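The structure appears below as C-alpha cells.
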Amino acid sequence: MIAVKPDISVIIVSYNVQEYLCNCIDSVLAQKNVIVEIIVVDNGSTDGTGERIKSKYLDVKFISSSVNVGFSTANNQGIREASGEFLMLLNPDTEIKEITALHRAKDFMEANPQTAIMAPCLLNTDGSFQLSFWNYPGSKELLLELFYLHRTKKPEQPSSPVVVEAASGAALIFRKSLINEIGGLDENMFWMEDVDFCYRAHKAGGRIIWNPEIKIIHHGGKSSVGNYSVTIPNQVMGRIKFSKKHNSKPEFYLVNILSLAFICSRLVVFTVLSLVNKTSKAKRKAYRVALKSYFRFNFQGDTAIIR
C-alpha cells in the first residue's frame, strides 16, 4: 500500500492538558479537503495524556518525553518527524472551528509563495478578538511597559490579510522548506521563540502574514496557567536574549538596562500588592527569580531557560 503524503503536518506540543488536547485533535481531524498528519509531542504529562491519545487516536504520531523539554525543543522534535509540504505549529488549547480552515490555509500559502509564515486569526473562548501579532521587542516597547503605557491604545483588528513583524506561536503555518533555510525554533529563546522565528524568516526575505480569514479559538496558556516562576522570568530574559542576538550593541545595552529597571519596578509593585493578594505574592516570587536570572546572564553568561 502506497502511503499518501500529507498536505499539512500539524505539530501539537502538550503538557497536562488532556481534555484541551483531545478537543484540539478532534478539530484537526474534522478538516475537509486536505490531507493532515498529526504529531503530538508530550512534555512529560502526568495526567494520563499518553495512554488516552495512544488508545483513542491510532493514526496520531505520539512522541513522549519523560521530562518537560520545553516548547521549542518539543516542536523541533515534531518538525523532524513531519512529512507534509506545509507544517503547522498548533497549541493544544486551540480549536479549529471551520472545517475548511486548513484547506483554505493551504490554498493561501500556495497562491502566495512570498509568504514565509502565515498566522491565523486567534479568538478568545467567547469568540472575541485575541491580539496575536506584534512588533519586534525593543527599548521603546520596554519603556512603555515599564510605565504601564503599553496598553493605552486598543489594537485594531484588520479585516484582510496584512504583513506583520511577528505572530503568536500558538498557531503558525509555513513550508517545511523554510526549516532547511533558517533552521528550527531557537531552543534557548523560551517565550520569545515565535518572535525569533518570524524575525529570521523575514531576514531571509519572506513575509509574515496575519490572516483574519482563517480563525482558530485559543483558550490561552493552559499548559502554563499559574506557573509565574517559569513564565515571567522567561518572558523577561527572552527579550534580552532576542536583543543580544539580533540588535545593535547600543540597543542591546539599552534593553538590558531597561529590563533591570522593569524587574525592580515590578518587584516593588508586587511586594506591596502581595500584602492583600495571593497572586501578587506568586508574581513577586517570579520577579525575584527573574532578577537572579538577569544577574546570572550578565555576570556569569548563563543563558539557560528557567524551568
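The values are calculated or read from the model by the stated rules, or taken from the named source; none is laboratory data. Since the structure is predicted, the reported quantities are computational estimates derived from the model, not experimental observations. Here the Cβ positions follow ideal geometry from the backbone for every residue, glycine too, while neighbour counts run over all protein chains shown. To get the accessible areas, we keep the full protein, side chains included, count just its heavy atoms, and leave off ligands, DNA and RNA. Shrake-Rupley method; radii C 1.70, N 1.55, O 1.52, S 1.80 Å.
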Could we say that G238 is in a helix (DSSP H, G or I) and either open to solvent by 10 Å² or more (accessible area, probe 1.4 Å) or not β-branched (V, I, T) (or both) here?
yes
Considering (1) within 20 Å of T231 (Cα to Cα); (2) surrounded by fewer than 16 Cβ atoms within 10 Å (Cβ to Cβ); (3) aromatic (F, W, Y), say which one W191 fails and leave the rest.
(2)
Just name the residue that is nearest to D194 (Cα to Cα) out of those in the range 242-293 that are touching a Pro at 6+ places or on another chain (Cβ under 9 Å) and of a type in the set (S, T, N, Q).
S243
Working only within the range 80-95, note down all residues that are open to solvent by 10 Å² or more (accessible area, probe 1.4 Å) and more than 14 Å from the chain's Cα centre (by Cα).
R80, E81, S83, E85, E95
Any idea which of (1) farther than 22 Å from N43 by Cα; (2) in contact with a helix residue (DSSP H, G or I) (Cβ under 7 Å, 6 or more places away or on another chain); (3) open to solvent by 20 Å² or more (accessible area, probe 1.4 Å) is the one I305 doesn't satisfy?
(1)
What is the residue count in the range 135-175 for residues that are buried (at least 16 other Cβ atoms within 10 Å of the Cβ) and either of a type in the set (K, R) or closer than 30 Å to V36 by Cβ (or both)?
12
Quick check on the range 142-200: of everything there that is touching a His at 6+ places or on another chain (Cβ under 8 Å) and part of a helix (DSSP H, G or I), which residue is nearest to V13 (Cα to Cα)?
D196
Scan of the range 194-205 for residues that are closer than 25 Å to G70 by Cβ, open to solvent by 10 Å² or more (accessible area, probe 1.4 Å) and out of contact with any helix residue (DSSP H, G or I) (no Cβ under 7 Å at 6 or more places or on another chain), ordered by number:
D194, H202, K203
Restricting the search to the range 37-78, which residues are closer than 26 Å to D7 by Cα, of a type in the set (A, V, I, L, M) and surrounded by fewer than 20 Cβ atoms within 10 Å (Cβ to Cβ)?
L58, V60, I63
Those residues of the range 3-16 which are of a type in the set (A, V, I, L, M), open to solvent by 10 Å² or more (accessible area, probe 1.4 Å) and within 18 Å of the chain's Cα centre (by Cα) amount to V13
Can you name the residue in the range 104-129 that is out of contact with any Pro (no Cβ under 9 Å at 6 or more places or on another chain) and buried (at least 18 other Cβ atoms within 10 Å of the Cβ) and is also farthest from E85 (Cα to Cα) among such residues?
L123
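Somewhere in the range 119-126, is a residue part of a loop (DSSP other than H, G, I, E, B) and modelled with pLDDT under 95? Before the answer, list the steps.
The initial filter retains those residues of the range 119-126 that are part of a loop (DSSP other than H, G, I, E, B), namely 124-126.
Narrowing the set further to residues that are modelled with pLDDT under 95 leaves none.
No, the range 119-126 has no match at all.
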L275, sole failed condition from (1) of a type outside the set (K, R); (2) in contact with a Lys or Arg (Cβ under 9 Å, 6 or more places away or on another chain); (3) assigned to a helix (DSSP H, G or I)
(3)
So, first residue more than 19 Å from A74 (Cβ to Cβ) in the range 12-37, second residue polar (S, T, N, Q) and surrounded by fewer than 22 Cβ atoms within 10 Å (Cβ to Cβ), Cβ within less than 7 Å, six or more apart or across chains; the pairs are K32/T100; N33/T100
Per the filter on the range 34-75, residues in contact with a helix residue (DSSP H, G or I) (Cβ under 7 Å, 6 or more places away or on another chain) and closer than 17 Å to I8 by Cβ are V34, V36, I38, I39, V40, V41, Y57, V60, K61
Turns out the strands (runs of 3 or more DSSP E) fully within the range 5-71 with at least 1 residues that are at negative phi and of a type in the set (F, W, Y) are 61-64
